[in-house]
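A short reminder: the numbers here are calculations on the coordinates, not readings from a lab. Every value quoted in this text rests on a predicted model; they were computed, and no experiment measured them. Don't worry about glycine lacking a Cβ; one is built from the backbone with ideal geometry, like all the others, and counts go over all protein chains shown.
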Amino acid sequence: MPRIPLPATRDDLTDDAQRAVWDSVVSGPRGQVIGPLRAAIHAPDLARAWSALGESLRFGTSLGKRRAELAIIVTGRRWSAQVEWFVHAQAAAAAGLEPAIIEAIRDGRAPHFDDADDAMIYDYARLLLRDGTVPEALHAQVTKRFGVKGVVELTALVGYYSMVAMTLNAHEIPLPGDTAPPLTAPAEGLFAQPPPD
């Protein structure tokens with residue numbers, strides 16, 4: 001059960017500012033109000049900014065959908081965010097990320113990457129989530145490959161989806177329908193990812 005009321009339809013909203021945000025989200029690339037936006041909409045200014053940032057990072061990144069979704073699932077797994085994993089593991093598969101990589105990340109095994117760029121994105125995201133920073137050499141490597149814009153976007157993706165994960169977890173936002181939780185969370189702390197194979 002969620003810990004706060006989560007509007008399911010536009011009619012559940014209490015004021016015009018909330019309805020304006022709802023309408024903006026529904027008419028944008030998301031097409032629906034789901035997940036953390038159902039919580040954020042209680043603070044319409046926050047929800048408006050949240051939605052704009054999320055749309056920019058998820059749908060407008062220079063990294064491309066496959067690599068963005070890879071960074072998102074690494075983040076979702078670190079926080080054991082069930083809804084984030086459920087949505088973005090599917091999106092990662094649809095963007096062409098191999099099922100074996102998705103399963104390895106889910107299970108905490110070292111994923112094997114045939115694509116060096118994917119391995120670099122994975123390592124950057126996992127180390128940023130583990131240590132709160134990345135080694136200078138890795139930062140330089142990502143910057144050389146994806147440019148300053150790319151390394152800034154990658155860092156922002158990890159930070160933004162950490163905020164998403166915390167919101168989902170803190171408010172216990174449920175999975176859709178009767179979906180079973182796809183992740184096993186550690187009893188305490190955060191889920192750790194190994195270096196790539």
Peptides 66-75, 89-98, 170-179: what's the order by average Cβ count within 10 Å, highest mean first? 66-75, 89-98, 170-179
Region 91-171 - charge dipole about Cα centre, Lys and Arg +1 at Cβ, Asp and Glu -1, debye rounded to 20: 240 debye
Just name one of Ser56, Pro2, His42: the one whose Cα is farthest towards the positive end of the charge dipole of region 1-136 (beta-carbon charges, Lys/Arg +1, Asp/Glu -1). Pro2
Note on the chain: contact order normalised by length, alpha-carbon pairs under 8 Å, 6 or more apart, percent, works out to 30 percent
Put a dot 7 Å past each Cα toward the Cβ at His42 and Ala94; how far apart are the dots in nm? 2.9 nm
Take Ala49 and Val26, extend 7 Å from each Cα along the Cα→Cβ direction, and tell me the distance between the two endpoints in nm. 2.6 nm
Nearest 10 degrees, 0 to 90: what angle lies between the long axis of helix 116-131 and the longest principal axis of the chain (Cα atoms)? 70 degrees
Summing +1 for each Lys or Arg and -1 for each Asp or Glu, what net charge is found among the other residues whose Cβ lies under 14 Å from the Cβ of Ala156? +1
Out of Phe191, Ala71, Ala110 - ranked by how far each Cα lies towards the positive end of the dipole of the chain, with unit charges on the beta-carbon of charged residues - the top one is Ala71
What is the distance in Å between the Cα centroid of region 6-69 and that of region 132-184? 17 Å
Add -39500 (n - 2.57) for each DSSP H run of 4 or more in the chain, then divide by its residues: what number comes out at 222 nm, to the nearest 500 deg cm²/dmol? -19500 deg cm²/dmol
Could you point to the residue in Ile101, Val142, Ala170 farthest towards the positive end of region 65-170's charge dipole, with +1 and -1 charges on the Cβ of Lys/Arg and Asp/Glu respectively? Ala170
What is the spin-label model distance, in nm, from Thr143 to Asp178 if the labels are put 7 Å beyond Cα along the C-beta direction? 5.3 nm
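Could you work out Rg/(2.2 N^0.38 Å) for region 12-68, with Rg from alpha carbons only?
1.17
Using the reciprocal of the averaged 1/r over all distinct C-alpha pairs, how large is the Kirkwood radius of the chain in Å?
17.3 Å
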Stretched out fully, how many nm does the piece from Met1 to Asp16 gain, at 0.36 nm a residue minus the Cα gap? 2.7 nm
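Counting only other residues whose beta carbon sits under 10 Å from that of Pro5, what net charge do I get with K and R as +1, D and E as -1?
+1
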On a 0 to 90 degree scale, rounded to 10, what angle separates helix 82-94 from the longest Cα axis of the chain? 60 degrees
What is the local net charge at Gly96, summed over the other residues whose Cβ is closer than 11 Å to its Cβ (Lys, Arg +1; Asp, Glu -1)? -1
Given charges at beta-carbon only (K, R positive; D, E negative), |dipole| of the chain in Debye: 240 debye
Given unit charges at Cβ for Lys, Arg (+) and Asp, Glu (-), the dipole magnitude of region 10-59 about its Cα centre in debye, nearest 20, is 240 debye
